[in-house]
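Trainee: Dumping the structure here so I can ask a few things about it.
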């Protein structure tokens with residue numbers, strides 16, 4: 001049976017949660033940003049693998065925005081969903097929520113956009129299923145994702161031109 005050629009965001013979305021302990025933090029009790037980036041990358045990677053049905057690699061992290069600090073004792077939840085799919089690449093939006101489990105309060109602390117490329121058996125980029133948008137919000141996020149993708153292409157081109165000189 002061949003894999004589907006079109007999928008929806010609900011086919012691959014993923015939620016990852018982890019309690020923040022002292023080893024995740026600096027001496028002030030604030031969780032290191034790198035820990036949050038790692039968790040977000042893991043959640044995003046699962047989404048991309050689910051969509052592609054094969055291994056993926058991270059190729060870009062866009063706009064990792066740190067809105068509020070996360071402290072030891074918080075339960076961190078990363079909610080990840082596709083925003084855009086190209087031929088071999090996928091953009092995943094990851095929203096990070098910190099919860100105080102004693103109070104039950106939750107705050108959004110981070111939003112990030114990760115880009116992954118699916119790999120074939122030869123280790124080269126491999127085609128992925130198309131993405132069907134089902135809501136106006138998904139369409140809007142896709143429009144913004146296309147703009148980010150165009151910006152990334154322009155940046156790569158400028159970097160390559162700078163290296164060639």
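The values are calculated or read from the model by the stated rules, or taken from the named source; none is laboratory data. Computed from a predicted model, the values in this text were never measured in an experiment. Cβ atoms come from the backbone with ideal geometry, glycine included; neighbour counts cover every protein chain shown.
Trainee: Could you list, in sequence order, the residues of the stretch 11-24 that are farther than 16 Å from residue 99 by Cα and either surrounded by 14 or more Cβ atoms within 10 Å (Cβ to Cβ) or modelled with pLDDT under 95 (or both)?
Mentor: 11, 12, 13, 14
Trainee: Could you say whether any residue in the stretch 74-89 is more than 18 Å from the chain's Cα centre (by Cα), closer than 18 Å to residue 15 by Cβ and either surrounded by 12 or more Cβ atoms within 10 Å (Cβ to Cβ) or modelled with pLDDT of 95 or more (or both)? Explain how you work it out, then say what you get.
Mentor: Quick first cut of the stretch 74-89, residues more than 18 Å from the chain's Cα centre (by Cα) only: 74-75.
If we keep only those that are closer than 18 Å to residue 15 by Cβ as well, we get 74-75.
Filter once more, so that each one left must be either surrounded by 12 or more Cβ atoms within 10 Å (Cβ to Cβ) or modelled with pLDDT of 95 or more (or both): 74-75.
Within the stretch 74-89, one or more residues are more than 18 Å from the chain's Cα centre (by Cα), closer than 18 Å to residue 15 by Cβ and either surrounded by 12 or more Cβ atoms within 10 Å (Cβ to Cβ) or modelled with pLDDT of 95 or more (or both).
Trainee: Can you tell me which condition residue 27 does not meet? The list is (1) over 26 Å from residue 89 (Cβ atoms); (2) surrounded by fewer than 16 Cβ atoms within 10 Å (Cβ to Cβ); (3) in contact (Cβ under 8 Å) with a residue 40 or more places away in the chain; (4) more than 17 Å from the chain's Cα centre (by Cα), and all the others hold.
Mentor: Here residue 27 meets the rest and fails (3).
Trainee: Follow-up. From the set of residues in the stretch 100-122 that are under 21 Å from the mean Cα position of the chain (by Cα) and surrounded by fewer than 18 Cβ atoms within 10 Å (Cβ to Cβ), which is farthest from residue 66 (Cα to Cα)? Break it down stepwise before answering.
Mentor: Pass one, the stretch 100-122, residues under 21 Å from the mean Cα position of the chain (by Cα): 106-120.
So of that shortlist, the ones also surrounded by fewer than 18 Cβ atoms within 10 Å (Cβ to Cβ) come out as 106-108, 111, 119-120.
Numbers: 106: 15, 107: 12, 108: 9, 111: 7, 119: 30, 120: 34 Å.
Within the stretch 100-122, the match that is farthest from residue 66 (Cα to Cα) is 120.
Trainee: Return yes or no: is residue 41 in contact with a helix residue (DSSP H, G or I) (Cβ under 6 Å, 6 or more places away or on another chain) and either surrounded by 15 or more Cβ atoms within 10 Å (Cβ to Cβ) or assigned to a helix (DSSP H, G or I) (or both)? Don't jump to the end; show me each part of the working.
Mentor: Numbers: in contact with a helix residue (DSSP H, G or I) (Cβ under 6 Å, 6 or more places away or on another chain): no; either surrounded by 15 or more Cβ atoms within 10 Å (Cβ to Cβ) or assigned to a helix (DSSP H, G or I) (or both): yes.
Judged against the criteria, residue 41 is not a match.
Trainee: Do you know which residues across the stretch 13-35 are in contact with a strand residue (DSSP E or B) (Cβ under 6 Å, 6 or more places away or on another chain) and within 20 Å of residue 57 (Cα to Cα)?
Mentor: If the condition is that a residue be in contact with a strand residue (DSSP E or B) (Cβ under 6 Å, 6 or more places away or on another chain) and within 20 Å of residue 57 (Cα to Cα), then 13, 14, 15, 16 are the ones that fit.
Trainee: Under 8 Å by Cβ, and 6 or more places apart or on different chains, what pairs join a residue from the stretch 44-68 that is within 16 Å of residue 87 (Cβ to Cβ) with one that is assigned to a helix (DSSP H, G or I)?
Mentor: Pairs that qualify, where the first residue is within 16 Å of residue 87 (Cβ to Cβ) and the partner is assigned to a helix (DSSP H, G or I), are 51/11; 56/45; 56/48; 56/49; 60/152.
Trainee: Looking only at the stretch 90-99, count every residue that is surrounded by 23 or more Cβ atoms within 10 Å (Cβ to Cβ) and over 16 Å from the mean Cα position of the chain (by Cα) and tell me the total.
Mentor: 1
Trainee: Of (1) surrounded by 12 or more Cβ atoms within 10 Å (Cβ to Cβ); (2) at pLDDT below 95, residue 130 satisfies all except one. Which?
Mentor: The failed condition is (2).
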